[in-house]
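**Q** Structure incoming, see below.
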Amino acid sequence: MILRTCLAASTAIALTAGSPLFAQEVVNVAIIGDPDTFDPMVSTKDIVSIVTQHVIETLYTFDEEWSVVPLLAADMPAISDDGKTYTIPLREGVTFHDGSAMDSADVAASVQRWAKVASRGMAIADKIASIEATGPAEVTITLNESYAPLLSLLAFSNSAAAIYPEEILADQIEKPVGTGPYKVESRVPDQYTQLVRFDGYTQPGDAAGERAQTPDEIRFVPVPDPNTRVEGLLSGQFDYADSLPTEAYDRIAASDVAEPVLLEPFGWPIFALNHKEGLATDLNIRRAIQAALPVDDMLFAAFGDEKFFQTDGAFYPEGWAWYTDAGTDLYNINDQAKAAEYLEEAGYDGSPLRILTSRQYEFHYKMAEVAAMALEMAGFTVQMDVVDWATLAQNRDNPAVWDIYITHSPFLPEPALTSIFFSSSREGWDNAEKNEILARFTSETDPQARKEVFAELQAKAYEDVGLLKIGNFNALHGKAKALDSVSPSPWPAFWNASKAD
Amino acid sequence: MRSYLLRRLVGMIIVVFLVLTLAFILVRLAPGDPASLLLGPDATPEEVQSLRVRLGLDRPILVQYLTFLANALQGDLGRSLFFDRPVTEVLASRAEPTIFLALFSLLVALVIATPIGIWAAYRRGSVLDQTSITTAMLAASVPSFLTGLIFQRYLATDLGWFPASGYGGVGADFGTRMWHLVLPSITLGITNSALILRFTRASMLDILGEDYVRTARAKGMTERRVVLRHALKNAGIPIITVVGLTFALLISGAVVTERVFNLPGMGNLVVNAVLRRDYPVIQGTLIVVATLYVLVNLLTDLLYLAVDKRVKY
């Protein structure tokens, strides 16, 4: 008996010491900055989404093909024939990190808060008639008019319709409590955010995919300097590193410990035009700008290698449901003489065309430099306003001080998430025909019909020069060779990440 | 002596007050709005405005200044807009890496610079003298970010001798944290050793030519005693001055080195605060740095008393 007890005890000790079952698996992720809030409802920053998607969940989410699938909802909603009533069944048995059970009152209150404080929620608040708990596990959203992008908005992880316990809801949430597979264990600003597995997590349905909670811990480390992220990845300090400089590609590819992850394509650089005030309110001026831009040269200057960009005028790349080439014959004209003719027609008086940009993203600045040369060849007087990001973020909201500002966006799963199409945006592209197309686009519920309307919208954006898409660009991330099961995404998730020994 | 100290203290208060006021004005002269940065790219102007009101950024500048001044007098430097914590707390959490980095790199600089400086002066014109001066010029000319990048790439990433960046991460103990400072300290130490080396050499050269040194030798003292006891002690004042200034410079945040090695120190904090337009943190850091600067200067002056009996205040 004594012998057996001793044996059992020694086996237990041996297991504890040697078995990988007991080894804590930690995934270290280098991100570009510190998330300043854990409430994704009030922020539209990608850095906030990347971290909080592990902690806080929404009713719906996107699958690998960017289709909306249920997450905290039990199923897709029942939508009334007029497209105005969404009845959403909720999953039962879901618990928050504080141990309380999620019910319809929590969901209704959270979505109501979203319509009140989130930018994307506020943008459609006037379309929402009511958000009510209509059963213990059912919530009904009633709209004033049919609005097809609603589900995409409810699924998106930035300015997210996050679901919180009703009790913690306030204008400002000090400590967000979610239902996600991980919860926040500790956080030291500018040093790390430590997430640990949430044991009470219940898996969503098959459509959303399993969130296996493979790592015991996920640590997000803000590393603002891109080169330091590269060194950290190559030295084995990080298992994953976000947004790396493209010059580092070859070095990472040659490394024994890490490999490059290319998000192809990641997004689109945009020359946003000021439709509210100044030169670009004149259609002929806008056409002159459109005709003058040497897109190939701009992309080459910005990204250096064809591995990292594609010259493509379609607002969504090939392979996406929204892909269409409508209107793209006006893309990449690169004809400065033609641009000069438009200027002549506009009666251009030589007042400066103000390009607002910063070097926060070096590719913005490089594209602006090349564009400025071509625009000057066409006869424009160009004024480059190169400022730091904080100044740009303020100045772009003041229509009196810029004509073009440079930005970029990842390809968003639903075109209606791109604010620049809307006349209420800071660019203020307010064209009657475009507004009519957009209204049809947001109210149409049939997916096939929506694709056709989107083609009309894209064609109109080219014809009326609502905005200027420059091309597609790829983003470079990097991961340790041992790391598996992290899908490339602008918002990479690590709940399935595993590390080979 | 007492009146000297009093004069210095009054001077210090005036300097800190001026810095405080200038800091307040300058950060607000720069364009850029903390509220729109906090909310992200797709925030609406209405949202930005309501956050401005909540943060008190909509109040008249004079009211903001007077509130800031009144609070600062009570040791309250305000609340960080980004961290939503008191500035004093934020600064305190950043002091450790900066102070130890300053101390270690000063140590590295002294270990490199003093022996070589003394030796170079003693063997003036020799190969060692020439080489040390050239190397010092070279070390001073290479910016610390380049030295840092080179060290990081070859010593940390390729050879794996040191951690590449950071400050140890979750729950790191004191030893681990200090281990993360080794490479940054060597980087900074090398850059800063050049100035100390040149000062030591120049100061020693002057002294070694003095009459009393010749007298000491004539009395039959060992060379070692002549150089280290008689000469070095008297060459001390300029060396102490430059060491004090270097330390003050290092403590105010080795911005570039902290950035390259991703250290959560004051230098990194102030750069991030500027980019985030976190006004209270920028002001707070400037006040603390200005205070440290004048304090270190005062301490350096007092140290003269201990080193050289001829100095009287």
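**Q** To make sure I understand, if each residue's beta carbon is the centre and we count other beta carbons within 10 Å, what order do A:361, A:348 fall in, fewest to most? Spell out each step's value before the answer.
**A** Details: A:361 17, A:348 20.
The fewest-first ordering by Cβ neighbours comes to A:361, A:348.
**Q** Oh, and also: Sequence-distant or interchain residues sharing an amide H contact under 5 Å with residue A:69, placed H: which?
**A** A:61, A:62, A:63
**Q** Mean-square fluctuation check for chain B, GNM, Cα pairs under 10 Å: which of B:124, B:217, B:276 is largest?
**A** With Cα springs under 10 Å in chain B, the top fluctuation among B:124, B:217, B:276 is at B:217.
**Q** Working from Cα positions, state the angle (0 to 90°, nearest 10) between the long axis of helix B:182-208 and the longest principal axis of chain B.
**A** That works out to roughly 40 degrees.
**Q** Would you mind telling me which residue in B:63, B:281, B:227 has the biggest mean-square fluctuation in a Gaussian network model of chain B, where springs connect alpha carbons within a distance under 10 angstrom?
**A** Looking only at B:63, B:281, B:227, the largest GNM fluctuation is found for B:63.
**Q** With +1 on each Lys and Arg Cβ and -1 on each Asp and Glu Cβ, and nothing else charged, work out how big the dipole of the stretch A:390-433 is about its Cα centre, in Debye to the nearest 20. Don't jump to the answer; show the numbers that get you there.
**A** Details: 2 positive and 6 negative charges, 38 e Å.
Magnitude of the dipole: close to 180 debye.
**Q** Can you list residues from other chains, or at least 5 along the same chain, whose modelled amide H is less than 5 Å from the amide H of residue A:192?
**A** Counting only residues 5 or more places away or on other chains, the set is empty.
**Q** Would you give the gap between the C-alpha center of the stretch A:324-374 and the C-alpha center of the stretch B:247-271, rounded to a whole Å?
**A** First find each Cα centre; the distance between them is then 41 Å.
**Q** What number, in percent, do you get for the relative contact order of the stretch A:29-168 if the mean sequence gap of Cα pairs under 8 Å and at least 6 apart is divided by its residue count?
**A** 31
**Q** Next up: Convex hull volume of the Cα atoms in chain A, per residue, in Å³? Could you put the intermediate results ahead of the total?
**A** Numbers: hull volume 78.2 nm³, N = 501.
In chain A, the Cα convex hull volume per residue is 156 Å³.
**Q** Out of B:20, B:112, B:71, whose Cα points farthest toward the positive end of the dipole of chain B (charges: +1 Lys, Arg; -1 Asp, Glu; placed on Cβ)?
**A** B:112
**Q** Would you mind computing, in nm to one decimal, how far apart the modelled labels at residue A:169 and residue A:341 are, each placed 7 Å from Cα along Cα→Cβ?
**A** Result for the modelled spin labels: 5.9 nm.
**Q** In addition: Using Cα springs under 10 Å in a Gaussian network model of chain B, which residue among B:122, B:279, B:293 shows the largest mean-square fluctuation?
**A** For chain B, modelled as a Gaussian network with Cα springs under 10 Å, the answer is B:122.
**Q** While we're on this one: Placing +1 at every Lys and Arg Cβ and -1 at every Asp and Glu Cβ, with all other atoms neutral, what dipole size does the protein assembly as shown have around its Cα centre, in debye to the nearest 20?
**A** It works out to roughly 6080 debye.
**Q** For all pairs of alpha-carbon atoms in the stretch A:360-495, what percent lies in each bin of width 5 Å, listed from the first bin to the last filled one?
**A** Binned Cα distances yield the sequence 2, 7, 14, 16, 16, 16, 13, 9, 5, 2, 0, 0.
**Q** Taking +1 at the Cβ of each Lys and Arg and -1 at the Cβ of each Asp and Glu, which of A:280, A:449, A:400 sits farthest along the dipole of the stretch A:266-474 towards its positive end, judged by Cα position relative to the Cα centre?
**A** Looking along the dipole axis, the top candidate is A:400.
**Q** Something else about it: List the residues of the stretch A:21-57 whose backbone N lies under 13 Å from a point placed 7 Å from the Cα of residue A:185 along the Cα-to-Cβ direction.
**A** Under cut-off, by backbone N: A:23-28.
**Q** Take the alpha carbon atoms of the stretch B:1-67, find their center, do the same for the stretch A:155-198, and report the distance between the two centers in whole angstrom.
**A** Comparing the Cα centres of the stretch B:1-67 and the stretch A:155-198, I get a distance of 31 Å.
**Q** By counting other Cβ atoms within 10 Å of each Cβ, how are B:76, A:82 ranked from fewest to most?
**A** Lowest count first: A:82, B:76.
**Q** What value in Å³ per residue do you get for the convex hull of the alpha-carbon atoms in chain B?
**A** Looking at chain B, the number lands at 174 Å³ per residue.
**Q** Then there is this: Once the Cβ-Cβ distance between residue B:211 and residue B:306 is put in as r, and R0 is 22 Å, what FRET efficiency do you end up with, to the nearest 0.05? Show your work: numbers first, answer last.
**A** Working: r = 25 Å, r/R0 = 1.12.
For R0 = 22 Å, the calculated efficiency reads 0.35.
**Q** Another one. Hey, which lysines would be in cross-link range of residue A:338, C-alpha to C-alpha under 23 Å, not counting anything within fewer than 8 residues on its own chain?
**A** Residue A:338 reaches A:460, A:469.
**Q** Under the definition of Cα pairs under 8 Å and six or more residues apart, what whole-number percent is the relative contact order of chain A?
**A** That works out to 19 percent.
**Q** How fast does the stretch A:52-178 diffuse by Stokes-Einstein, in µm²/s, taking the Kirkwood radius from C-alpha pairs at 37 °C and 0.692 mPa s? Write down the numbers at each step before the final one.
**A** Working: Rh = 14.5 Å.
Using the Kirkwood radius from Cα pairs, D works out to 227 µm²/s.
**Q** Turning to a different aspect of this structure: Checking the table A:116/A:451; A:366/A:434; A:175/A:481; A:45/A:175 against a 24 Å threshold on Cα-Cα, which pairs fail?
**A** Those over the limit are A:116/A:451; A:366/A:434; A:175/A:481.
**Q** Helix B:279-307 against the longest principal axis of chain B: what's the angle in degrees, Cα atoms only, rounded to the nearest 10?
**A** Helix B:279-307 sits roughly 20 degrees off the main axis of chain B.
**Q** Out of A:379, B:170, A:162, whose Cα points farthest toward the positive end of the dipole of the protein assembly as shown (charges: +1 Lys, Arg; -1 Asp, Glu; placed on Cβ)?
**A** B:170
**Q** Rank the residues B:2, B:28, A:450 as a footprinting-exposure proxy: fewest other Cβ atoms within 10 Å of their Cβ go first.
**A** In increasing order of surrounding Cβ atoms, one gets B:2, B:28, A:450.
**Q** Note down the relative contact order for chain B as a percent, whole number, built from C-alpha pairs under 8 angstrom at least six residues apart.
**A** Across chain B, relative contact order equals 27 percent.
**Q** Now a separate question. In debye, nearest 20: dipole of the stretch A:266-474 around its Cα centre with unit charges on the Cβ of K, R (+) and D, E (-)?
**A** Dipole size: approximately 480 debye.
**Q** Tell me, how many Å apart are the Cα centres for the stretch A:403-441 and for the stretch A:81-120?
**A** Between the Cα centre of the stretch A:403-441 and that of the stretch A:81-120, the gap is 28 Å.
**Q** Using a basic spin-label model with each label point 7 Å from the Cα along Cα→Cβ, how many nm lie between residue B:26 and residue A:67?
**A** 5.9
**Q** Rounded to the nearest 0.05, what FRET efficiency is calculated for residue A:334 and residue B:313 with R0 set to 56 Å and r the Cβ-Cβ distance?
**A** Once the sixth-power term is evaluated, E becomes 0.15.
Bear in mind these aren't lab numbers, they're just calculated from the coordinates by the rules spelled out. Since the model is a prediction, treat every value here as computed from it, not as a measurement. When we count neighbours, we look across all protein chains shown, and the Cβ atoms used for this are built from the backbone with ideal geometry, even at glycine.
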